[in-house]
Structures are given as C-alpha cells and as structure tokens.
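Engineer: Just passing along the structure, written as structure tokens.
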C-alpha cells in the first residue's frame, strides 16, 4: 500500500493518470546516463558512439513492443509534443491533398488545441461526437471522412473517463472510406495496459508518454508508419533522422523504453489485479446517494474510476480528500486550476453541474485493497458534510 | 584532469560545446524529483503543490540571474525547442505587422532551419553576413531592418568558432531603427560564461539550454520580455501560463536552474582559468604548419578553440584523436555525420577545403593543463601522418 508517513500524514496516491513516480528499475537504467555516459549521440568518438548505441537499443526495444521498425519511432519531449507533431506535422506536409482533419470531442487538449491552431492556419477540423459512455459514434466518423481528409485523431483511452475506443474498427472504417487518410491515436493513458502492435491496431501514428507509465517526465515518442508524409515539428540539427531536432535526452529515452517494457511485460497480471480494485471502488462509490459513473462500465481503463457526485464541487472534495492524505483529481491534471468544466464530461451529454462534481481516481502499481477500503471509509462522510453545506441543499432543505 | 581509465584507455574530453556531463550538485538537486516528489505541478493536493513550489523556486532562481520577472521565463524541452519557439512563435503572432525576419548566417541550425520553415509559410528572411572573424556586420544589420521586421535572431556566442557578438550594440542599432522589432539571442553556448542580465543585453527573447552547462539533456528555457507578442509553440494543457503545454519536467527544470546558478556563480574565476588553457592550446596548435585559427582571436568563448588544419579531413583527425582517447569535434555535434562542410566556417569567407579541415576543442570544468599538454603532444604527429597520406601531398610530393 502506498502510505507514506510524512509529518504523521498517510498518503494514498490515486492519481496515476496525472503522473506516475519513477519505478526503481527505471531510475537504475537511467542512472549512468548523465554522470558517466554523458556523450552526445551525434559525436563520432567512442563516448558519443556509446550514447548512440544505448539510444538505438532503446529504440529497438520500443519497436519490438509496437511491432514496427526502429526507424518508425521518433523520440520526443512529451506526449503533448508528440500529439502536436502528429497533427501539425501531417497537416502541413499534406496540404497538397486537402485541408481537413477529424478529432473526437474528447481528445486531450494537446490534440484539441493543436486542432484549434490549425484552424487559424486555414485547416478545417470536424469534431466527432461520442455516445453517453464516451465511445466515438462510428456512423458519424464514416460520414465525416472526405476525399481531402488528411488525418483522424482518436484517443485510445480517455484520460478522464477511461473509455477505450475500438481503434481497430475505427481504422477499418477510415481506410475503407479513404485509404489515404491517416489514423493517429494518443495512447498516453493506454500504453500501460493494452497491446500496442501498430499493425493490429491499424494506426499510422501513435503517441506514447513516459510520465504516465512510471517513466520520466519530459519524454514521449511518436510512431510514424513508413511512408507517412510528415514535417518535422521542431527544426534544427539532423537528430531522429531529421524529424525531431535537438540533442537527444539519452537518459530520458532509456527511462521511457525501460518503463514501457516493464508495464507491457506485467500488464496481463496487473490489469486483472487493478480491474478487481477498480470495480470494488466503483461499487463502493455508487452506494453514495446521487452518484453516477462517468465513462463506459466495462470498456474502460483497468485503473480508471470517474464518478460525478451531484450537488458538490469537485474541487471541494479534492481538498477534503487531500486533508485525509488522498491524492485524486477532478478532470485532467492539465486542466486543473481552471474554472472551466471538463470538456470530456460535457461531451457525454451531461449538464454543466455534472461536470463540476466529477472526481477521478486512477490506480497504480502501489495501490492495494487497503487503499480502496480507506477511500471508501473516508469519502462518504466528506460527501455528506459538503452536501450539507451545498447551496443546492440550503435552497431546498427537504431534498 | 579528466582521464578516466577504462579498458586501459585514458579519456580526455574536449567537446564540452557538444554536451556536458551532469555536475554532482545537479544530480543531487534532481534526485528526489521522480522517486519521492513525483507530483504533477498542476495537481491541487499537497504532492502536486510541492512539485509546483519546487518548479517556481527554480523559476525564481533563473529570473534572478537574468534580472527579469519569474513569469518571463518559459521552461522548454531543449535549446532547439526554445529557438523554434522564439522564431516561429513571434513570426505567427506578429503576422499582422509584417512578414520579415533577420538571422545571421552563423546561427545554429535550430534557428536557420526554423527560418527555412517560415520561408515555406510566406515569411521572408534576411541572412546577415559576418566578417572574417565571425562578427555580424553591423552596417548590414542596420540596412536590413525594415518597418515590417518582426524579429532579429543573433547567436550570443557561436557554437563552432566561439565568436561572441556585441549583443548590446546590436540591440541599440535595432531599437533605434525600429523599436517594434524584437531581438532574440541564442545563448546556449554563452550561458556558462557571460552576464545574462536581459536589460543590459537589451534582448526581448533569449534561449538557454541545460545540456551545455552541466545540466540535464532535454531541458531549455526561453526568456520572453513582458509584452512580447508570441504564440505557444506546443499547444495543449495550460502549463507555463498557457505558453508551453505538456506536464512540466520538474526534475529537469530543477537540474537546469541548479546548473545555471553554479556556472554563473563560478564564471569569473573559471573563465580566467579557461582562457589561460585556451590560449595555451591555440598557441600550441598554431605552431603546426599550415594551421589557421577560426573565429575572433579575443572576442571568443573562454572554452573554444577552432583551428583549420589544411590538407586534411576533420573526420580523419577526429578518429585518430579518438584512438588516443581525446574527444573533439569537427563542426557542431548536431551536424556531424553529414558530409556537408560547416556553414559557419564557410560564412567566414574561407574556401570549402578549410571548412573540411576544421577541428573544435571545447574545454570544461574537468580539463587541466595536463590535458592541453597531452593534446599538444599527441596531435602534431597525427597531423604529420595524415598529411603524408593526403591526396594533396601525394599529388605534389614536394609541397
């Protein structure tokens, strides 16, 4: 159980979708790169060649997991950068054959805001709706693909509600309608739990992030299928075959590859364990009156729980949970601190109030059944207390 | 002295301009961020707030060194990304008032290739010539500034030949001609050696890189003067005040700030030491027949030596030096592996052959006089041997 005694306070971390700690194996793999093996992989002497070799070993490891060629992997500085590269890089490179892109309404902001930028540059973006569980409406997808559609971007598993999309089916629909249209999937949340063989998924581009899979922050990668027309996003030196400039973050890349290897190796067993905890938590939370599960009941990440507790602000619950040593989240970490309601919860067709009362608990390696019991012990009284203070209840004291 | 006995081989690292090792103080400062303090700075609970606090402490440290406000610092994923952000971000944001940019011909590829990208997007770029020592021709600068000039980009100190530009004077020329024109300086190589007070320099934007100042790879920062119109370069979450999306690389940012603080604190004393070593090396190398110094004799980085050894290929020298355990470089690390001659050496007005025979030795903390003596002992016989084999000398055996 993840209970760290610090200033007499127990910490239960249930926000692994926001970010993960570095696994000791990852720290160990990275340790010498920076201190002793600090060479620049572009340098020609032995110290540079050693760094280059370590970099290419990491690339081969990743390629084996994705079932692709090593040269189809571009190491980047974050999942967000990879998403930006996938969208902006293909949009500019394929302007000759069209100006249309498609993204689901529940994409991460890294995709949505890249789309908004592209709209200011003369591109047109169709935002695909999802059903009440967060699954992409496939008939809408089919209808929205045109001759000039460059790319469709679909988040593999949503970071807030955990809903997992039928990527393979989506790929088949796209390729049948327009074989030239690329499919990009943001697999930042999915990479720890699912098979990532790109041919089986049918994706042309895929984004993975280090800091969500017990790897280092500031690392990411973009799979780009051979033959995909894409511009570099960051321009400069000839690194990553001229597709992503900047001295390679060797330690970070090794950390990312090690982390990906570990989560992929352990996923079958770990998913089973997490699903059991997840479902126990969902069952327990739904016993609280006026509580609703957000996202698909079964097609969801093994570690994701997202509920709306009606009549209360998510932020108030967060702060009370923090007092009890529990780390959780309202929407995504990237949007916290803003007063806007979650665009993902809103997209499910829920009213504004439901988005404001949503809570995400995302489990990880360190969590045990004891953590779930602790949350289920601590949380209902918090809800009761906050509901008693809620303006909704003050206005209708009998409700 | 940096002599590591590894497989009975002594290593003398003289390529600090390519990349530096992590200083132990930097490793120490970063150590807990990742393992224990792994929170996402955007998260609202205590673990997130602690990460946020560490991030903001790092930002304040950097701001104190630059003499600017903390909110004028954007942490990025590399020096290359910062350069791209400075150029592409201001170009797009200021399209309304013009489409013209200026960059020197000896900028790093991170700037030059960003310019080339902008040229494909309807922007016009003037490339400023330099004199035989690599100093920007100020009268040409003055003439090239127009009403519609958005930005001028000048590398503070060149990464290959070490020439240092009169940034303050350049700023005065720009602001006198067009107060609306921004000045960006790429200070990646300079940051370890010079005062960085932005007001004294007169810059609106400045790029600094972690991996050239004993900080981590995959880190950089962009100073952006308050009021400067600039678009985000990476779009997504609201990090860095909405100007650079992606979960912050907390450990990396702390490492960067720590490294910058250290080199800035030690620079007065360390520069003196390095200049002595540098000048001893230059004097020694120029004793080799047909050897020419590239770059300005005095207005150059304390750690930079760049010479052309006529009639020999730089790569052949590199490999022989590597055999002797000496790490050096031809042009920049980012261009190595390509067969193109250095654009910087060519810009000095030298013929093609001179660019091909250039060698860069860049000193660092670990180097001692013994290292210089060793290089001066080992290098002349290598030159003699290679010259004996050179096609130039085989054709003209008497020369």
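The values are calculated or read from the model by the stated rules, or taken from the named source; none is laboratory data. From a predicted model like this one, the values you see are computed outputs, not experimental measurements. Cβ: placed from backbone, ideal geometry, glycine included. Neighbour counts: every protein chain shown.
Engineer: Residues of segment A:179-201 being in a loop (DSSP other than H, G, I, E, B) and crowded, with 18+ Cβ neighbours inside 10 Å, which ones? Full working, then the answer.
Structural biologist: Within segment A:179-201, the subset in a loop (DSSP other than H, G, I, E, B) is A:179-181, A:187-197.
Scanning segment A:179-201 gives A:181, A:187, A:188, A:189, A:190, A:191, A:192, A:193, A:194, A:196.
Engineer: Report the residue count in segment A:34-69 for those that are assigned to a helix (DSSP H, G or I), in contact with a strand residue (DSSP E or B) (Cβ under 7 Å, 6 or more places away or on another chain) and farther than 17 Å from residue B:18 by Cβ.
Structural biologist: Restricting attention to segment A:34-69, the residues satisfying the condition of being assigned to a helix (DSSP H, G or I) are A:34-35, A:46-66.
Narrowing the set further to residues that are in contact with a strand residue (DSSP E or B) (Cβ under 7 Å, 6 or more places away or on another chain) leaves A:47, A:59, A:62-63, A:66.
Next, only the ones that are farther than 17 Å from residue B:18 by Cβ stay: A:59, A:62-63, A:66.
Selection size over segment A:34-69: 4.
Engineer: Evaluate segment A:110-123: report whether one residue or more is surrounded by fewer than 23 Cβ atoms within 10 Å (Cβ to Cβ), outside any helix (DSSP H, G or I) and within 10 Å of chain B (Cβ to nearest Cβ).
Structural biologist: Scanning segment A:110-123, I find at least one residue that is surrounded by fewer than 23 Cβ atoms within 10 Å (Cβ to Cβ), outside any helix (DSSP H, G or I) and within 10 Å of chain B (Cβ to nearest Cβ), so the answer is yes.
Engineer: How many residues are at pLDDT 90 or above and assigned to a loop (DSSP other than H, G, I, E, B) if we restrict to segment A:322-338?
Structural biologist: 3
Engineer: Is it the case that residue B:322 is free of Cβ contacts under 8 Å to residues at least 40 places away in the same chain and crowded, with 19+ Cβ neighbours inside 10 Å? First the steps, then the outcome.
Structural biologist: Values: free of Cβ contacts under 8 Å to residues at least 40 places away in the same chain: yes; crowded, with 19+ Cβ neighbours inside 10 Å: yes.
Considered against the rule, which asks whether it is free of Cβ contacts under 8 Å to residues at least 40 places away in the same chain and crowded, with 19+ Cβ neighbours inside 10 Å, residue B:322 comes out as yes.
Engineer: Please go through segment A:202-231 and pick out each residue that is under 20 Å from the mean Cα position of the chain (by Cα), away from chain B (no Cβ under 14 Å) and assigned to a loop (DSSP other than H, G, I, E, B).
Structural biologist: Residues of segment A:202-231 that are under 20 Å from the mean Cα position of the chain (by Cα), as a first pass: A:202-224.
Keeping just the survivors that are away from chain B (no Cβ under 14 Å) gives A:202-206, A:223-224.
Of everything in segment A:202-231, those that are under 20 Å from the mean Cα position of the chain (by Cα), away from chain B (no Cβ under 14 Å) and assigned to a loop (DSSP other than H, G, I, E, B) turn out to be A:202, A:203, A:204.
Engineer: Being surrounded by fewer than 20 Cβ atoms within 10 Å (Cβ to Cβ) and closer than 18 Å to residue B:239 by Cβ is the filter; apply it to segment B:70-93 and report the residue that is farthest from the other protein chains (Cβ to nearest Cβ).
Structural biologist: In the first step, residues of segment B:70-93 are kept if they are surrounded by fewer than 20 Cβ atoms within 10 Å (Cβ to Cβ); the result is B:70-71, B:93.
Now narrow it down to the ones that are closer than 18 Å to residue B:239 by Cβ: B:70-71.
On the way: B:70: 17, B:71: 15 Å.
Among those residues, the one meeting the criterion is B:70.
Engineer: Kindly indicate whether residue B:106 is in contact with a helix residue (DSSP H, G or I) (Cβ under 8 Å, 6 or more places away or on another chain) and farther than 25 Å from residue B:236 by Cα.
Structural biologist: On the way: in contact with a helix residue (DSSP H, G or I) (Cβ under 8 Å, 6 or more places away or on another chain): yes; farther than 25 Å from residue B:236 by Cα: yes.
Answer is yes for this residue.
Engineer: I'm trying to understand the selection: among the residues of segment A:1-23, which are more than 10 Å from chain B (Cβ to nearest Cβ) and modelled with pLDDT under 95?
Structural biologist: A:1, A:2, A:3, A:5, A:8, A:10
Engineer: A follow-up question, please. Is it the case, given these coordinates, that residue A:315 is surrounded by fewer than 21 Cβ atoms within 10 Å (Cβ to Cβ), within 25 Å of residue B:242 (Cβ to Cβ) and touching a residue at least 12 places away in the same chain (Cβ under 8 Å)? Before the answer, list the steps.
Structural biologist: Numbers: surrounded by fewer than 21 Cβ atoms within 10 Å (Cβ to Cβ): yes; within 25 Å of residue B:242 (Cβ to Cβ): yes; touching a residue at least 12 places away in the same chain (Cβ under 8 Å): yes.
Considered against the rule, which asks whether it is surrounded by fewer than 21 Cβ atoms within 10 Å (Cβ to Cβ), within 25 Å of residue B:242 (Cβ to Cβ) and touching a residue at least 12 places away in the same chain (Cβ under 8 Å), residue A:315 comes out as yes.
Engineer: Those residues that are closer than 30 Å to residue B:267 by Cβ and in a helix (DSSP H, G or I), I need them from segment B:289-321; list them, please. Show your work before the answer.
Structural biologist: Taking segment B:289-321 as the starting set, the residues that turn out to be closer than 30 Å to residue B:267 by Cβ are B:291-308, B:314, B:318, B:321.
B:314, B:318, B:321, listed by residue number.
Engineer: Specify the residue that is surrounded by the fewest Cβ atoms within 10 Å (Cβ to Cβ); the eligible residues are those in segment B:277-288 that are part of a helix (DSSP H, G or I) and either in contact with a strand residue (DSSP E or B) (Cβ under 7 Å, 6 or more places away or on another chain) or not assigned by TED's automatic domain parsing to the domain that holds residue B:362 (or both).
Structural biologist: At the first step, the residues of segment B:277-288 found to be part of a helix (DSSP H, G or I) are B:277-286.
Next, only the ones that are either in contact with a strand residue (DSSP E or B) (Cβ under 7 Å, 6 or more places away or on another chain) or not assigned by TED's automatic domain parsing to the domain that holds residue B:362 (or both) stay: B:278, B:281-282, B:285-286.
Numbers: B:278: 23, B:281: 23, B:282: 19, B:285: 23, B:286: 12.
Only one residue fits best here, namely B:286.
Engineer: Still on this structure, I have one more. Tell me which of these residue B:376 doesn't satisfy, since it passes every other one: (1) under 17 Å from residue B:291 (Cβ atoms); (2) within 21 Å of the chain's Cα centre (by Cα); (3) at pLDDT 90 or above.
Structural biologist: (2)
Engineer: Take the conditions touching a helix residue (DSSP H, G or I) at 6+ places or on another chain (Cβ under 7 Å), away from chain B (no Cβ under 14 Å) and in a helix (DSSP H, G or I) and apply them to residue A:274. Does it pass? Before you say what the answer is, go through the steps one by one.
Structural biologist: Numbers: touching a helix residue (DSSP H, G or I) at 6+ places or on another chain (Cβ under 7 Å): no; away from chain B (no Cβ under 14 Å): yes; in a helix (DSSP H, G or I): yes.
No.
Engineer: Those residues that are more than 14 Å from chain B (Cβ to nearest Cβ) and closer than 14 Å to residue A:83 by Cα, I need them from segment A:179-201; list them, please.
Structural biologist: First pass over segment A:179-201, keeping only residues more than 14 Å from chain B (Cβ to nearest Cβ): A:179-185, A:187, A:190-201.
Selection gives A:182, A:183, A:184, A:185, A:187.
Engineer: Just for segment A:25-52: of the residues that are under 17 Å from residue B:34 (Cα atoms) and more than 8 Å from chain B (Cβ to nearest Cβ), which one is surrounded by the most Cβ atoms within 10 Å (Cβ to Cβ)?
Structural biologist: Applying the filter and picking the extreme gives A:26.
Engineer: Scan segment A:75-92 and tell me whether some residue there is part of a loop (DSSP other than H, G, I, E, B) and assigned by TED's automatic domain parsing to the domain that holds residue A:157.
Structural biologist: Start the filter on segment A:75-92 by keeping residues that are part of a loop (DSSP other than H, G, I, E, B), which leaves A:77-78.
Checking the rest, the ones that are also assigned by TED's automatic domain parsing to the domain that holds residue A:157 come to A:77-78.
So far as segment A:75-92 goes, yes, one or more of its residues are part of a loop (DSSP other than H, G, I, E, B) and assigned by TED's automatic domain parsing to the domain that holds residue A:157.
Engineer: Looking for whichever is within 23 Å of the chain's Cα centre (by Cα) and within 12 Å of chain B (Cβ to nearest Cβ) here; the options are A:234, A:282. Which one fits?
Structural biologist: Working: A:282 fails: within 12 Å of chain B (Cβ to nearest Cβ).
So the residue among A:234, A:282 that is within 23 Å of the chain's Cα centre (by Cα) and within 12 Å of chain B (Cβ to nearest Cβ) is A:234.
Engineer: Evaluate segment B:94-107: report whether one residue or more is farther than 18 Å from residue B:342 by Cβ and within 11 Å of another protein chain (Cβ to nearest Cβ). Working first, answer last.
Structural biologist: Keep residues of segment B:94-107 that are farther than 18 Å from residue B:342 by Cβ, which gives B:94-102.
Imposing the further condition that a residue be within 11 Å of another protein chain (Cβ to nearest Cβ) reduces the set to B:95.
Looking through segment B:94-107, at least one residue is farther than 18 Å from residue B:342 by Cβ and within 11 Å of another protein chain (Cβ to nearest Cβ).
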